[in-house]
């Protein structure tokens, strides 16, 4: 099933790696593009040697499998800096960007995609139907 999804251009990520239903078997059996390291391990990874070891191992494993490593729940600058040193590719959390309400998210998405904001004229030329 995961090969069919990938062939259709759908990329999958393994979320909360190291907790719940994510396991090493899922790494073997699924086609995915990123491993998201659980916030349970990310929080305090700058000070907690156990969390740091788990984060580093997950990051290394993602890279060995040709995937991106994404840290979830980065809420402290020290953790962000530690993850950067570990070679983490991407991150999510309050230190990087606070949670947004729906309208704020849609406005940011439009800005990033270069789409006109509500009330702005469209940059696309009108095309005659024919």
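A short reminder: the numbers here are calculations on the coordinates, not readings from a lab. Note that the coordinates shown come from a computational prediction; the quantities given were computed from them, not determined experimentally. Here the Cβ positions follow ideal geometry from the backbone for every residue, glycine too, while neighbour counts run over all protein chains shown.
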Exercise. State, to one decimal in nm, how far the label point of residue 61 lies from the label point of residue 48, with both points 7 Å from Cα in the Cβ direction.
Key: 1.7
Quiz item: If you rank 77, 86 by fewest surrounding Cβ atoms within 10 Å, what's the result?
Solution: 77, 86
